[in-house]
Amino acid sequence: MTSSRNRISKAVIPAAGLGTRFLPATKATPKEMLPVVDKPAIQYVVEEAVTAGLSDVLMVTGRNKRPLEDHFDRNYELEEVLRNKGDATKLTRVQESSDLATMHYVRQGDPKGLGHAVLCAEPHVGDEPFAVLLGDDLIDPRDPLLARMNAVRDEHGGSVIALMEVDPETIHLYGSASVSGTDDEDVVRVSGLVEKPSVADAPSNLAIIGRYVLDPAVFAVLRDTAPGRGGEIQLTDALQALAADPSLGGPVHGVVFRGRRYDTGDRGDYLRAIVRLACEREDLGPDFRDWLRAYVNKEM
Ligand code: UTP
């Protein structure tokens, strides 16, 4: 199959992981629903897709899917109470998430890995290129990444992944890419990928982060991808097959992202996301910054 060069209109958001790093908070609640200041993490991700022009969103859910679906649905009872109180500000906040995008849902069943979650999207996506946004990866709204990835796909076809330079000692926590440069300073050609390599085996300190623009050829490759690391079907393994043989679905390029990104499935990064976004909010920021400055000076 050759690379399909249509424009992208659909976003897939895998949100069926178990979130074990965040137990017990994630025992009965998906980690994507944990609040970052006053919005669940997943709402930032859907907003990012919509900002990039992708208002058809398919969420891949697992157990505990109800809160995710409810959050993007209308809540007539709450809306009625707020309307009767004349509280227009809160009413707008409640309606924002249900007016955001056209939402679709598919169940993954067993969480057999990110690659398997993406494969569950095939009946909805069909034979079109599409974007994948990991539901627990928050890209700061001021640092647009997806638009740049779409532009790279328009230019080169194939698939585009997002990469970030990390401390080489931490590369074992990510997928790592083997790359060569292109004419664009922030774009690389990917020749190989390995999921969570040991520090010694990592081809580079360029880590895969949770945004992808994928050629539909990835579905056929995923179907043939055997379970890899951790017994899960790894998206990185399918992308490695695409990178190794461009006749399958075009080349694989990487956009090297240098903006702000938070892994909200990691407790430390989650706390950093909240502090940073709260400090920068116009409504909460001034008071919160004063408190934080005093706290740091006095207690630390
Ligand atoms: P993670 O590696 O963060 O998985 O998945 P996890 O299992 O949720 O987290 P921990 O390590 O147990 O805390 C990366 C993304 O892929 C999704 C997750 O929801 C997350 O957005 N995912 C992962 C699925 O949708 N299905 C899976 O089977 C695995």
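Thr20 meets the conditions (1) loosely packed, with under 13 Cβ neighbours inside 10 Å; (2) more than 15 Å from the ligand (Cβ to nearest atom); (3) under 16 Å from Gly135 (Cα atoms) in every case but one. The failed one is (2). Note on region 249-300: residues that are farther than 13 Å from Val37 by Cβ and in contact with a strand residue (DSSP E or B) (Cβ under 9 Å, 6 or more places away or on another chain) amount to 16. Residues that are part of a loop (DSSP other than H, G, I, E, B) and over 13 Å from Met149 (Cα atoms) within region 201-217 comprise Ala202, Pro203, Ser204, Asn205, Pro216, listed in sequence order.
Only one entry of Thr51, Thr29, Thr89 meets the criterion of being of a type outside the set (A, V, I, L, M, F, W, C), closer than 30 Å to Arg153 by Cα, away from the ligand (no atom under 12 Å from the Cβ) and surrounded by fewer than 19 Cβ atoms within 10 Å (Cβ to Cβ), and that entry is Thr51.
For the residues Glu122, Glu185, Glu165, the requirement of being touching a helix residue (DSSP H, G or I) at 6+ places or on another chain (Cβ under 6 Å) and either within 16 Å of the ligand (Cβ to nearest atom) or over 28 Å from Thr102 (Cα atoms) (or both) singles out Glu122.
Residues in region 1-43 that are at pLDDT 95 or above, of a type in the set (Val, Ile, Thr) and outside any loop (DSSP other than H, G, I, E, B): Val12, Ile13, Val36, Ile42. Within region 51-100, restricting attention to residues that are touching a strand residue (DSSP E or B) at 6+ places or on another chain (Cβ under 7 Å) and polar (S, T, N, Q), the residue that is farthest from Lys27 (Cα to Cα) is Ser55.
Any chance region 59-73 includes a residue that's assigned to a strand (DSSP E or B), among the aliphatic types (A, V, I, L, M) and under 14 Å from the mean Cα position of the chain (by Cα)? For region 59-73, residues assigned to a strand (DSSP E or B), among the aliphatic types (A, V, I, L, M) and under 14 Å from the mean Cα position of the chain (by Cα): present.
Given region 219-300, what helices (runs of 4 or more DSSP H) lie entirely inside it while holding 1 or more residues that are under 20 Å from the mean Cα position of the chain (by Cα) and either within 14 Å of the ligand (Cβ to nearest atom) or closer than 29 Å to Glu48 by Cα (or both)? Even if it seems obvious, please write down each step before you answer.
Numbers: elements: 235-244, 267-280, 285-299.
Here the list reads 235-244, 267-280.
If you go through region 276-300 and keep only what is surrounded by 11 or more Cβ atoms within 10 Å (Cβ to Cβ) and either among the hydroxyl-bearing types (Ser, Thr, Tyr) or closer than 13 Å to Leu138 by Cβ (or both), you end up with Arg276, Leu277. When region 47-58 is filtered for residues that are touching a residue at least 60 places away in the same chain (Cβ under 8 Å) and assigned to a helix (DSSP H, G or I), the ones remaining, listed by number, are Glu47, Glu48, Ala49, Thr51. Considering only residues of region 129-146 that are away from the ligand (no atom under 16 Å from the Cβ) and modelled with pLDDT under 95, which is surrounded by the fewest Cβ atoms within 10 Å (Cβ to Cβ)? Only one residue fits best here, namely Arg142. Taking each residue of region 159-184 that is touching a residue at least 24 places away in the same chain (Cβ under 8 Å) and looking for partners that are surrounded by 24 or more Cβ atoms within 10 Å (Cβ to Cβ) and part of a loop (DSSP other than H, G, I, E, B) with beta-carbon atoms closer than 7 Å, six or more apart or interchain, yields Ser159/Asp215; Ser159/Gly249. Condition test on Ile161, is it within 17 Å of Leu134 (Cα to Cα) and in contact with a His (Cβ under 8 Å, 6 or more places away or on another chain)? Answer is yes for this residue.
The values are calculated or read from the model by the stated rules, or taken from the named source; none is laboratory data. All figures in this text were calculated on a predicted structure; none of them were measured in a lab. Note that we place each Cβ from the backbone using ideal geometry, even for glycine, and neighbour counts take in every protein chain shown.
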